[in-house]
1. Restrict the search to region 127-232; then list the GluC sites (Glu not before Pro) that DSSP places in a loop and that have at most 12 other Cβ atoms within 10 Å of their Cβ.
2. Using alpha-carbon pairs under 8 Å, 6+ residues apart, how would you state the relative contact order of the chain in percent?
3. Remind me, relative contact order of region 66-212 in percent, using alpha carbon pairs under 8 angstrom and six or more residues apart?
4. Using DSSP, restrict attention to beta bridges with both residues in region 1-125 and report what percent are antiparallel, rounded to the nearest 5.
5. Over the chain, how many pairs of lysines fall under 21 Å by alpha carbon, counting only those 8 or more apart in sequence or from different chains?
6. Hey, can you list the DSSP H helices of the chain whose Cα span along the axis is 30 Å or longer and whose average Kyte-Doolittle score is at least 1.0?
7. Could you compute the longest span of the chain free of trypsin sites (Lys or Arg not before Pro) located in DSSP loops and having at most 10 other Cβ atoms within 10 Å, not counting the site residues?
8. Using Cα springs under 10 Å in a Gaussian network model of the chain, which residue among ALA92, ALA210, ALA126 shows the largest mean-square fluctuation?
Amino acid sequence: MLSQIQLEQALNSRPFRFYETIGSTNDAAMDWLNSSAPAGAVVIADEQRQGRGRMGRVWYTPPGFALALSVILKPPPETLNRVSMLGGLAVAELGEYLGVQNVGIKYPNDVQINGRKVCGILPEAAWDNDRLTGVVLGIGVNVRVQFEGELAQTATSLETALNRTVDRVALIAWLLERIDFWSTRLNSAELFHAWKRRLTTIGKSVRIDAVHGTAIDVDSQGALLIRQDDGTIERVIAGDVMIVTVNEG
Ligand code: BTN
């Protein structure tokens, strides 16, 4: 079980809010952002009952088995599309740091081990009219969820891959440090290349909305370049940060 005291010790002076059970850490982080949370603040939950995934999917986090956290960032607006890269990259690095083999990023930001999903990222931006007030970077990592049946073909957990136990508090502390590191380098070529190097999608057949063909490259804005059957190249951004709050006041 994660606890407030363990997190206080591991996260030093970082502002954080911990919940044993919550609906969605992204929702709590968005509320905190809208009531002036500082950049770097984080919402962490042990159990998440109404976690949200990309494209309206549900993301349940069982107590004791995973990481569910939402980091508040205040990036310059022109670097908004880099936040999604940052999330996938930091978790991929966490896997590598632990010694997991075959960690990769499926475009735009799913972290996979041997092609099986271990982490999902949900970045959500907050706007005050046309002013970006911040971004909530939601991260869900399977740590010791045991997937069975068909799900075991598509999803996995860190401990399954490592065949040993890991300390979730230490993982959170390490991950947040990588997020701090990349947050100050959002617009850098270093971040783009570190993300691109880990992408497993290039060369694969893909379909995004109505576009399908072979993924041939990504550009520095995070767009995927897809060569369609007729030879035309389509530029598609699937890692868009969704707009979830618009304050009209
Ligand atoms: C995906 O669909 O791949 C993204 C899943 C993102 C889940 C995380 S868990 C922490 C944060 N809070 C949420 O409600 N969602 C994200």
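Just so it is clear, none of the values below were taken in a lab; they were calculated from the coordinates. Just so you know, these numbers come straight off a predicted model, no measurement behind them. Positions of Cβ are backbone-derived with ideal geometry, glycine not excepted, and every protein chain shown enters the neighbour counts.
1. In loop regions of region 127-232 (DSSP not H, G, I, E or B), the sparsely surrounded GluC sites (Glu not before Pro) are GLU148, GLU150.
2. 18 percent
3. Numbers: 232 pairs, mean separation 44.6, N = 147.
Once divided by the residue count of region 66-212, the mean separation gives 30 percent.
4. 70 percent
5. Qualifying lysine pairs in the chain: 6.
6. Length and hydropathy pass: none found.
7. Result, exposed sites excluded: 58-163.
8. Checking each option, the largest mean-square fluctuation is seen for ALA210.
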